[in-house]
Amino acid sequence: LEAAIAKEEESCVQSLRAELQEARLVMLAAGSKMQEQSMTEVVSAQKSDLALAAFKKRCADLLQGRQELKLAEQQATEEASQAKKEASEAMKEASESKARLERM
């Protein structure tokens, strides 16, 4: 009877060892999967950061371009105003010259 009990105990111990080994393998696989998922999330976050940085740079470039355009528009307006003044003065001088010539 003792031999049968010892044999049964040994069988149970072997079964428990096999289950423990299987559980360890499952845990290792789950850990590996979690590590892989974590790395995927890190890569994804890095890609998102790069995309965000590129978007911010594009926005900054557009803002700078807009400011440059406003400055160019302001300069063109000032130049047009100056040209209008000069044309007005030239017309006035021409009118005065014409009046002098008519008096002669």
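A short reminder: the numbers here are calculations on the coordinates, not readings from a lab. Because the structure is predicted, anything quoted here is derived from the model rather than measured. As a convention, Cβ positions derive from the backbone with ideal geometry for all residues, glycine included, and neighbour counts pool all protein chains shown.
Sum up the lysine pairs in the chain that clear both bars: alpha-carbon distance under 30 Å and a spacing of 8 or more or different chains.
Step by step, the pairs that qualify in the chain add up to 10.
With each pseudo-label sitting 7 Å past Cα toward Cβ, what's the residue 60-residue 29 distance in nm, one decimal?
4.9
Give, in nm to one decimal, the length gained when the segment between residue 77 and residue 4 is fully stretched (0.36 nm per residue of separation minus the Cα-Cα distance).
15.5 nm is the gain from fully extending residue 77 to residue 4.
Let me know the charge dipole size of the chain about its Cα centre in debye, to the nearest 20, where only the beta-carbon of Lys, Arg (+1) and Asp, Glu (-1) is charged.
With only Lys, Arg, Asp and Glu charged at Cβ, the dipole is about 940 debye.
State the answer as a single residue: which of 97, 71, 32 lies farthest towards the positive end of the charge dipole of the chain, with beta carbon charges of +1 for Lys and Arg and -1 for Asp and Glu, about the Cα centre.
97
Projected area of the chain, taken from the Cα convex hull and averaged over every viewing direction, in nm²?
Reported value for the Cα convex hull: 8.0 nm².
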